[in-house]
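Here the structure comes first, spelled out in structure tokens, and everything after it is commentary.
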Amino acid sequence: MQQRKPYYITTAIAYTSGKPHIGNNYEIVLADSIARFKRKEGYDVFFQTGTDEHGQKIELKAQEAGVTPKEFVDNVAGVIRGLCDLLNISYDKFIRTTDSDHERQVQKIFKRLYEQGDIYKGAYEGLYCTPCESFWTESQLVDGKCPDCGREVKPAKEEAYFFRMSKYADRLIRHINEHPEFIQPVSRKNEMMNNFLLPGLQDLCVSRTSFKWGIPVDFDDKHVVYVWLDALTNYITGIGYDADGDSSEQYKKFWPADLHLIGKDIIRFHTIYWPIFLMALGEPLPKQVFGHPWLMMSGGKMSKSKGNVIYVDDMVDFFGVDAVRYYVLHEMPYDNDGNVTWELVAERTNSDLANVLGNLVNRTISMSNKYFGGIVSDKGVVSEDVDEDLKKTVCGAYGKVTEKMETLRVADALTEIFAVFKRCNKYIDETQPWVLAKDPAQADRLSTVLYNLVEGIVIGASLLEPFMPATAQSIASQLNTSLRDFEQLAQFGLYPDGNQVTDTPQILFARLDMKEVEKREEEIAAAQMAEAAKSAGEQGDAAKPEAAVDMEAKPEITYEDFAKMQFQVGEIISCEAVPKSKKLLCSQVKIGSQVKQIVSGIRSHYSPEEMVGKKVMVLVNLKPATLAGVLSEGMLLCAEDAEGNLALVVPEKEMPAGAEIC
């Protein structure tokens, strides 16, 4: 028997500061679909996820809760693992950075790097952001605040150990240039090279003395290992790496990882810090790091105080596991942020899952029972054009799906699978079984039509299994068959002739009443706002409406004045900070077939990586101007509240770059 090729996939480990929202859970569902797909392709897959459990933020949260840090993380880690299980995640290992074997290896790694001169002792003085657990210099701040999260920073000074990052920078640059697949999508690679590596790396602080909740440096017990040297090494400690050279057979089998799947906000740590740590240890680098986009709430980040946080268990309770899995996988673009709302999930459930898939399965089983007592037989009475086109679509789907999955375009892969189900529905319209049933002479043709439908559904369900496993199994069960291996999917006609489908078809996805969806969403939002108000000592204020903003009226204009302004939808294809300014971002904006460079004073509200991929509203014919030495050829439209918070104005629905705004 041929040995299966190993495939090692990881997610970022979830930080145990609190319950994750659906945007955090998207990553684990994405990774699970890839892992399941690879298993069906015949790979020996090892899928690791877990929790990151050390740091000052957790120490402070535990104090606020009146429990020990270990008690705090035990509780949150249990919640996170429970959500993974709820979502039917097929992980092989759930690692925790408080696991004793991980902690021991981190201590050994730290000591080894110190003894070989890559880590040295010094002192750190700078501006510290507690939520991000990061030090910053004055020049790195944006409007005096943390450039990553926009929160306040405080002066801090402490003794610390540092890693000599610059020692390995040139080697990492060469690796990235020689391995174009290493960082994906390409926009993330360009960002890392241009914003961090090419300007030069500073040495990295890798220990702390101002808090205790961390892995102790065993040769200097005043220090604990700082977050990234602890958290990132889980990818090797979890499969048996040993810093003394006695690594397990599992480690030798699965390292280097085939794929680190992470959020775009931590791409820097995984494509700069982590590879350099591995170089210092003499270990191979992972084959690919994919920085996926974010799942946003109506284009903005989620907030409990606004009552717009969506938790996956609430969604699953209402829509079901596979409906939620389908939505987050299908609605996330490859490298642009996606949106999630209760209404959008309901609409997609009704259109794709109830109408296209559920209705197809129900109709096919019902007709098989009505006309043939549930017996499905291929009588060989074909209509060449119609039948051959159906078979071509169904049997060609696996190749198309595989091609999409090889480049991690999971949403596109799902679209190809649903093209099978849509083609089957079209086949029903073309063959009209209810008409055939009226003519006894057409009985064999009717039987063949129903056989073809069942066969098409089985192939489609077999492809669907990695993405919606419970649904695929339910379809196979109702058709009284098994889901097929991928190598069988190019062959049409494997469904056992004379097999009998269930006599009582189950509804896979019921159509949802949008009023009921809205009601449930409002109930959850109200509960969140009440909870937020209570925790802030402001019970009763949760229902206060958002404050309106009044502004001084400007002089009236005529329609002719307005008609002079040209507004179009633009797509931001790249963005970077303007070097001479703390407030400005420079975006390259695609408008139709043109690309305009636009400078905007929104750096304190958006990071460059957040901007990439957004569809925005642009004043196109504004006279060009030079800002901080950079040419600007237009204006991005923003809304501003009374506190000066800005939000880009974006189209409510998907619109192409260049669409006119009128």
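Count, please, the residues in region 489-526 that happen to be touching a residue at least 24 places away in the same chain (Cβ under 8 Å) and farther than 20 Å from I375 by Cβ.
Count: 17.
Residues in region 579-607 that are modelled with pLDDT of 80 or more, not charged (D, E, K, R) and not in a strand (DSSP E or B): how many?
Within region 579-607, residues that are modelled with pLDDT of 80 or more, not charged (D, E, K, R) and not in a strand (DSSP E or B) number 6.
If only one of I428, I457 is surrounded by 23 or more Cβ atoms within 10 Å (Cβ to Cβ) and closer than 30 Å to L344 by Cα, which one is it?
I457
Can you tell me which residue within region 334-360, out of those that are farther than 26 Å from E406 by Cβ and part of a loop (DSSP other than H, G, I, E, B), is nearest to the chain's Cα centre (by Cα)?
Restricting to residues being farther than 26 Å from E406 by Cβ and part of a loop (DSSP other than H, G, I, E, B), the top hit is V340.
Out of G245, G320, which single residue is on the phi > 0 side of the Ramachandran plot and without any contact (Cβ under 8 Å) to a residue 12 or more places away in the chain?
G245
Of all the residues that make up region 498-527, how many are of a type outside the set (S, T, N, Q), assigned to a loop (DSSP other than H, G, I, E, B) and loosely packed, with under 13 Cβ neighbours inside 10 Å?
5
Would you mention how many residues in region 22-71 are surrounded by fewer than 21 Cβ atoms within 10 Å (Cβ to Cβ) and outside any helix (DSSP H, G or I)?
7
Taking only region 241-275 into account, find how many residues are within 21 Å of H175 (Cα to Cα) and not aliphatic (A, V, I, L, M).
Matching residues across region 241-275 total 13.
State whether the residues of region 184-204 include one that is among the basic types (K, R), more than 21 Å from Y124 (Cβ to Cβ) and at pLDDT below 95.
Looking through region 184-204, at least one residue is among the basic types (K, R), more than 21 Å from Y124 (Cβ to Cβ) and at pLDDT below 95.
Find the residue count for region 80-106, including only residues that are surrounded by 17 or more Cβ atoms within 10 Å (Cβ to Cβ) and part of a helix (DSSP H, G or I).
Of the residues in region 80-106, 8 are surrounded by 17 or more Cβ atoms within 10 Å (Cβ to Cβ) and part of a helix (DSSP H, G or I).
The rows are residues; the columns are (1) among the small types (G, A, S); (2) assigned to a loop (DSSP other than H, G, I, E, B).
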residue: A169; (1), (2): yes, no
residue: M193; (1), (2): no, no
residue: F211; (1), (2): no, yes
residue: K222; (1), (2): no, yes
residue: A243; (1), (2): yes, yes
residue: Y251; (1), (2): no, no
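Within region 205-235, can you find the residues that are at pLDDT below 90 and within 30 Å of the chain's Cα centre (by Cα)?
Within region 205-235, V227 is the sole residue that qualifies.
Evaluate region 109-119: report whether one residue or more is buried (at least 18 other Cβ atoms within 10 Å of the Cβ), more than 30 Å from I9 (Cα to Cα) and touching a residue at least 24 places away in the same chain (Cβ under 8 Å).
No - not one qualifying residue is present in region 109-119.
Could we say that L295 is touching a Phe, Trp or Tyr at 6+ places or on another chain (Cβ under 8 Å) and either more than 28 Å from R174 (Cα to Cα) or of a type in the set (K, R) (or both) here?
Against the criterion (touching a Phe, Trp or Tyr at 6+ places or on another chain (Cβ under 8 Å) and either more than 28 Å from R174 (Cα to Cα) or of a type in the set (K, R) (or both)), L295 qualifies.
Looking at region 570-617 only, could you name the residues that are farther than 18 Å from V630 by Cα and touching a Pro at 6+ places or on another chain (Cβ under 6 Å)?
Selection gives K615 alone.
Quick one: would you say G263 is surrounded by fewer than 22 Cβ atoms within 10 Å (Cβ to Cβ), at pLDDT 95 or above and within 28 Å of the chain's Cα centre (by Cα)?
Here the answer is no, as G263 does not meet what is asked.
Going through V420, V410 one at a time, which residue ends up being buried (at least 19 other Cβ atoms within 10 Å of the Cβ), under 30 Å from K287 (Cβ atoms), among the hydrophobic types (A, V, I, L, M, F, W, C) and touching a Ser or Thr at 6+ places or on another chain (Cβ under 8 Å)?
None of the others qualify; the one that does is V410.
For residues in region 338-388 being within 30 Å of D265 (Cα to Cα), touching a strand residue (DSSP E or B) at 6+ places or on another chain (Cβ under 9 Å) and surrounded by 19 or more Cβ atoms within 10 Å (Cβ to Cβ), which is modelled with the highest pLDDT?
V340
Sort out which residues of region 344-366 are of a type in the set (G, A, S) and touching a residue at least 40 places away in the same chain (Cβ under 8 Å), and write them in order of number.
A346, A354, G358, S366
Going by the structure shown, is D170 within 30 Å of S574 (Cα to Cα) and at pLDDT 95 or above?
Yes; evaluated as a whole, the condition is true for this residue.
Can you give me the number of residues within region 170-194 that are of a type in the set (A, V, I, L, M) and either surrounded by fewer than 17 Cβ atoms within 10 Å (Cβ to Cβ) or touching a Cys at 6+ places or on another chain (Cβ under 6 Å) (or both)?
Looking only at that region, the number is 2.
Those residues that are assigned to a helix (DSSP H, G or I), closer than 16 Å to Y334 by Cβ and touching a residue at least 60 places away in the same chain (Cβ under 8 Å), I need them from region 172-188; list them, please.
Scanning region 172-188 gives S187, R188.
Are any residues in region 464-488 assigned to a loop (DSSP other than H, G, I, E, B), in contact (Cβ under 8 Å) with a residue 24 or more places away in the chain and in contact with a Ser or Thr (Cβ under 7 Å, 6 or more places away or on another chain), and if so, which ones?
P466, F467, L483, R484
Could you list, ordered by first residue, the pairs with Cβ atoms under 7 Å in which the first is in region 422-436 and assigned by TED's automatic domain parsing to the domain that holds G456 and the second is small (G, A, S), at least 6 apart or interchain?
Within 7 Å, the pairs are C424/G456.
Mind counting the residues in region 163-209 that are hydrophobic (A, V, I, L, M, F, W, C) and in contact with a Lys or Arg (Cβ under 8 Å, 6 or more places away or on another chain)?
The total comes to 5.
Of all residues in region 71-105, which are basic (K, R) and either free of Cβ contacts under 8 Å to residues at least 24 places away in the same chain or in contact with a Lys or Arg (Cβ under 7 Å, 6 or more places away or on another chain) (or both)?
The answer is R104, and nothing else.
Can you confirm whether region 613-627 contains a residue that is surrounded by fewer than 16 Cβ atoms within 10 Å (Cβ to Cβ) and of a type in the set (D, E, K, R)?
Yes: region 613-627 contains one or more residues that are surrounded by fewer than 16 Cβ atoms within 10 Å (Cβ to Cβ) and of a type in the set (D, E, K, R).
Go through the residues of region 118-133 one by one and say whether even a single one is of a type in the set (A, V, I, L, M, F, W, C) and out of contact with any Lys or Arg (no Cβ under 9 Å at 6 or more places or on another chain).
Among the residues of region 118-133, not one is of a type in the set (A, V, I, L, M, F, W, C) and out of contact with any Lys or Arg (no Cβ under 9 Å at 6 or more places or on another chain), which makes the answer no.
Looking only at region 24-42, count every residue that is out of contact with any helix residue (DSSP H, G or I) (no Cβ under 9 Å at 6 or more places or on another chain) and not basic (K, R) and tell me the total.
Adding up the residues that qualify gives 3.
The values are calculated or read from the model by the stated rules, or taken from the named source; none is laboratory data. This one's a predicted model, so the numbers in the text were calculated from it and none came from an experiment. A quick note on method: Cβ atoms are made from the backbone with ideal geometry, for glycine too, and the neighbour counts reach across all protein chains shown.
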